[in-house]
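Shown next, in structure tokens, is the structure this report addresses.
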Amino acid sequence: MRFSAAAAAVLAIPGVSANLHQLAVGAGKKFFGSATDNGELSDAAYLAILNDTKEFGQITPGNGQKWQFTEPSQGSFSYTAGDQIVNLAKANGQLVRCHTLVWHSQLPSWVSSGSWTKDQLTSIIQTHIANEVGHYKGQCYSWDVVNEAIDDSGVYRTSVFYNVLGTDFIPIAFKAAAAADPAAKLYYNDYNIEYSGAKHTRALEVVDIVQKAGARIDGVGLQAHFIVGSVASQSDLTNVLQSYIDAGVSEVSYTELDIRFSSLPASASGLQQQATDYSTVTKACLAVAECIGITIWDFTDKYSWIPSTFPGQGAALLYDENFSKKPAWTAVSSVLAAAATGVATATATTIATPSTTLATSVVPTSTKTTAAPATSTTASSSAAARWAQCGGKGWTGPTTCVSGSTCTYQNDYYSQCL
Ligand code: XIL
């Protein structure tokens, strides 16, 4: 039974709205979730929304489980920040996507600046993972085991891990995670792998490398840090999701979704475009049965990472800085409602919280796509433009940024043309 008209009717009742997670579950997904961070948890208005399990059935710690916080010096482990968020999720009955184990960024200098042999660095990775995954054993729905191993041009990113171990660091990390928590789903997670291009092709290779090494990889996480008006087509997004499933992982997920304005303030028409873009991404996930859920990278513009990382950009999330729902929220909820099959009747009171535990919802086979995997192997200029760095050309190194201009590298995510 389709639910769209009834859901639309409920959404139209003033003061009554179905919430994102319950609608996502009704549509056959495991969750709709949000990242959060420790500093925000003292904001009562913020916390009330985060704790609403009809709105968010899953939480990702935005920072607290990263290496710089969990093993700031060798052999000295601290889980205070991560525990605060995992415990909050546990109290609420929300799933946790644990994030992240091996990443070049937010890595303490004792790791990144060391001169390691292969054996030494292998042991450092194994010890870190055994300790952290062991600490959280049984509490993580999934782990982002390796994060962002590919750079924007589609080659493996230079890092202490790659420099010392080549791509071997990837299966080393997956094997260690599997040994420490056999029940957690193990993910490769990256950005700009959501649409066809060189980075997508390389991400498929990462899956292959892990599998060929005899290690377990369950999922690919697609961060989905997008720009308003520059989101790939729904069919490209869907084909790319499907391509990872075809490569042999059992699930995919949008793990850090936000869609930012590259200049501010946002206009009314811009907010409508953002709503369309969020709809496109939501529909792509709905079209692939193995896309188990969507996580936004925090839910309010008040606490988004975007303004501090991409100067002058922002307004990327579903709630504004005052916790009002934006047009994009309405769009996502409408798309989810239209796809919902799990709720038989729809009145203001019968859009129920899912009665089963979050981890056991069943994906209806009717939503499975048969789309062919994407075959493109080269990054197109439009793909680079989606990242919109250096005048839309993307960062590919100092000499190829934009012909005739100078590109100043600012951080991993943003480079500025002078
Ligand atoms: C970001 C956090 O949101 C910021 O607070 C922090 O300063 C930098 O990292 N990709 C990831 C996330 O995998 O861990 C990043 O989170 C955003 C990009």
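Pairing each residue of the stretch 122-147 that is of a type in the set (Gly, Ala, Ser) with any residue that is more than 16 Å from the ligand (Cβ to nearest atom) and in a strand (DSSP E or B), provided the two are 6+ apart or on different chains, yields C-beta distances under 6 Å for Ser142/Lys185. Restricted to the stretch 44-67, and to residues there that are within 16 Å of the ligand (Cβ to nearest atom) and in a helix (DSSP H, G or I), the residue that is farthest from Gln94 (Cα to Cα) is Trp67.
Here Ala337 clears all of (1) more than 16 Å from the chain's Cα centre (by Cα); (2) within 16 Å of the ligand (Cβ to nearest atom); (3) at pLDDT 95 or above except the condition numbered (2). Give just the number: which of (1) closer than 27 Å to Asn322 by Cα; (2) among the hydrophobic types (A, V, I, L, M, F, W, C); (3) within 16 Å of the ligand (Cβ to nearest atom); (4) under 17 Å from the mean Cα position of the chain (by Cα) does Leu101 not satisfy? Every listed condition holds for Leu101 apart from (1). Residues that are away from the ligand (no atom under 14 Å from the Cβ), surrounded by 21 or more Cβ atoms within 10 Å (Cβ to Cβ) and not aromatic (Phe, Trp, Tyr) do occur in the stretch 138-148, at least one of them.
Out of all the residues in the stretch 20-43, which are under 19 Å from Tyr319 (Cα atoms), more than 15 Å from the ligand (Cβ to nearest atom) and buried (at least 20 other Cβ atoms within 10 Å of the Cβ)? Listed by number, the residues that qualify are Leu20, His21, Gln22, Leu23, Ala24, Phe31, Phe32. Residues considered: Pro311, Pro307. Of these, the only one that is within 16 Å of the ligand (Cβ to nearest atom) and part of a loop (DSSP other than H, G, I, E, B) is Pro311. For Leu186, the conditions (1) in contact with a Lys or Arg (Cβ under 7 Å, 6 or more places away or on another chain); (2) farther than 21 Å from Val86 by Cα; (3) of a type in the set (A, V, I, L, M, F, W, C) all hold with the exception of (2).
The set of residues in the stretch 319-341 that are among the β-branched types (Val, Ile, Thr) and either closer than 15 Å to Ser34 by Cβ or touching a strand residue (DSSP E or B) at 6+ places or on another chain (Cβ under 9 Å) (or both) contains only Val332. Taking the residues in the stretch 68-87 that are part of a loop (DSSP other than H, G, I, E, B) and touching a residue at least 24 places away in the same chain (Cβ under 8 Å) as candidates, determine which candidate is surrounded by the most Cβ atoms within 10 Å (Cβ to Cβ). That would be Glu71. Of the residues making up the stretch 73-97, those that are in contact with a strand residue (DSSP E or B) (Cβ under 9 Å, 6 or more places away or on another chain) and either under 23 Å from Lys54 (Cβ atoms) or among the aliphatic types (A, V, I, L, M) (or both) are Ala81, Gln84, Ile85, Val86, Leu88, Ala89, Lys90, Asn92, Gln94, Leu95, Val96, Arg97. For the stretch 202-226, the set of residues classified as under 15 Å from the mean Cα position of the chain (by Cα) and farther than 14 Å from Ile245 by Cβ consists of Gln223, Ala224, His225, Phe226, listed by residue number. Within the stretch 297-325, the set of residues being closer than 12 Å to Gln274 by Cβ and surrounded by fewer than 20 Cβ atoms within 10 Å (Cβ to Cβ) comprises just one member, Asp320.
The values are calculated or read from the model by the stated rules, or taken from the named source; none is laboratory data. This structure is a prediction, so every number in the text was calculated from the model and none was measured. Cβ sites come from the backbone with ideal geometry, for glycine too, and all protein chains shown count toward neighbours.
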